[in-house]
1. Among the strands (runs of 3 or more DSSP E) lying completely within the stretch 163-229, list those that include at least 3 residues that are under 24 Å from ALA75 (Cα atoms), touching a residue at least 12 places away in the same chain (Cβ under 8 Å) and β-branched (Val, Ile, Thr).
2. Just give me the residues in the stretch 21-64 being under 29 Å from MET82 (Cβ atoms) and in a loop (DSSP other than H, G, I, E, B), in sequence order.
3. Please go through the stretch 213-239 and pick out each residue that is hydrophobic (A, V, I, L, M, F, W, C) and within 18 Å of LEU2 (Cα to Cα).
4. May I ask you to verify whether LEU155 is under 21 Å from GLU238 (Cα atoms) and either among the hydrophobic types (A, V, I, L, M, F, W, C) or in contact with a strand residue (DSSP E or B) (Cβ under 8 Å, 6 or more places away or on another chain) (or both)?
5. Looking at the stretch 138-154, can you tell me whether even one residue there is of a type in the set (Gly, Ala, Ser) and in contact (Cβ under 8 Å) with a residue 40 or more places away in the chain?
6. I'd like the full set of residues that are more than 22 Å from THR63 (Cβ to Cβ) and either touching a Pro at 6+ places or on another chain (Cβ under 9 Å) or crowded, with 17+ Cβ neighbours inside 10 Å (or both), limited to the stretch 86-106.
7. Go through (1) in a strand (DSSP E or B); (2) surrounded by fewer than 17 Cβ atoms within 10 Å (Cβ to Cβ); (3) within 16 Å of the chain's Cα centre (by Cα); (4) not β-branched (Val, Ile, Thr) one by one and return the number of the condition ASP152 breaks.
Amino acid sequence: MLPVGDHDGATWPLIRDLAVRAEAEGLDSVWLADHLLFRPPDGGALVGMNEAWTLLSALAVVTERVEIAPLVLCASFRSPGMVAKAAVALDEVSGGRLILGVGAGWHDPEYEAFGFPTDHKVSRFEEWVEIVARLVRGETVTFHGRYHSVTDCVLVPPPRRPIPVLIASHKPRMHGLAVKWGDAWNTAWYALPDGRFDERVAALEEALAAAGRDPATLERTVGIVVHDPEQGSEPDGENELSGSVEDVAAALREYERRGFRHAIVLPQPMTKRSVERVADAVVLSRG
């Protein structure tokens, strides 16, 4: 995960340099959160956020190998047809490196600030994701729902490949949509697998069984928060991991043992040294 908020010092030079370092260190992917602002519920200081899709497009130019993805693009902020259209352009610029991570959104203050409706987020997402997923797989789509409507929508030029769609979900209804439309599923944020993690995986398994989908056809990804105590970073709660490179490697091995192919690490603090620690842990976990 790369920084996007001003609380992480997320200037473009820092975002660029961390992405380039991640690629140089042999990591597989770089990710950006998609928020417009964050108002802490305790009344703390407003957190400013850089716009994710613009930054992802810039990262496609300054990197050559790593996959590029939002974790996750908020469906409420952009119309489905335009997201699909932009995804084809970004996938073209990046040479086929886009993972289209999507979700329903949750932080009402940013909706209210920018004029987006806060109601029926999952119902809106249900229509939105069907349109997006079908378009990036090369279909011509006519869809008339309660919240979204397209008529003979087609992507020209077409996608050069079916762009993979990753869906983040926590609860049963969203799990069902992940199973129906996703190529990959994400659950976050954790330290080591815990009871909450086990419950979400079990719920996903139920959704897969209900849909009759082969579990092997849905890639599983997990987001973990990793602090470096040597850089003075300490966890805010039990869902965040702190420790040595060996501790991080052990966590990666455990998630892999549980069938998770891709770990998305949110390093704290957001520094080049933190990126290097993640890379060192990956090497160690494979040894």
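None of the figures in this text is laboratory data; all of them are computed from the coordinates on show. Values in this document were obtained by computation on a predicted structure and should not be read as measured data. All Cβ positions, even for glycine, are placed from backbone atoms using ideal geometry, and neighbour counts span all protein chains on display.
1. 219-227
2. ASP28, ALA33, ASP34, HIS35, LEU36, ARG39, LEU46, ASN50, GLU51, THR63, GLU64, listed by residue number.
3. The initial filter retains those residues of the stretch 213-239 that are hydrophobic (A, V, I, L, M, F, W, C), namely 216, 218, 222, 224-226.
Passing the criteria: VAL222, ILE224, VAL225, VAL226.
4. no
5. Of the stretch 138-154, the ones of a type in the set (Gly, Ala, Ser) are 138, 145, 149.
From the residues that got through so far, the ones that are in contact (Cβ under 8 Å) with a residue 40 or more places away in the chain too are none.
No, every residue in the stretch 138-154 fails to be of a type in the set (Gly, Ala, Ser) and in contact (Cβ under 8 Å) with a residue 40 or more places away in the chain.
6. Of everything in the stretch 86-106, those that are more than 22 Å from THR63 (Cβ to Cβ) and either touching a Pro at 6+ places or on another chain (Cβ under 9 Å) or crowded, with 17+ Cβ neighbours inside 10 Å (or both) turn out to be GLY103, ALA104, GLY105.
7. The number of the failed condition is (3).
Listed here are the residues, each with its yes/no results for (1) aromatic (Phe, Trp, Tyr); (2) touching a residue at least 60 places away in the same chain (Cβ under 8 Å); (3) closer than 12 Å to VAL66 by Cα.
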position: THR11; (1), (2), (3): no, no, no
position: ARG16; (1), (2), (3): no, no, no
position: ARG21; (1), (2), (3): no, yes, yes
position: GLY26; (1), (2), (3): no, yes, yes
position: SER29; (1), (2), (3): no, yes, yes
position: HIS35; (1), (2), (3): no, yes, no
position: PRO40; (1), (2), (3): no, no, no
position: GLY43; (1), (2), (3): no, no, no
position: LEU46; (1), (2), (3): no, no, no
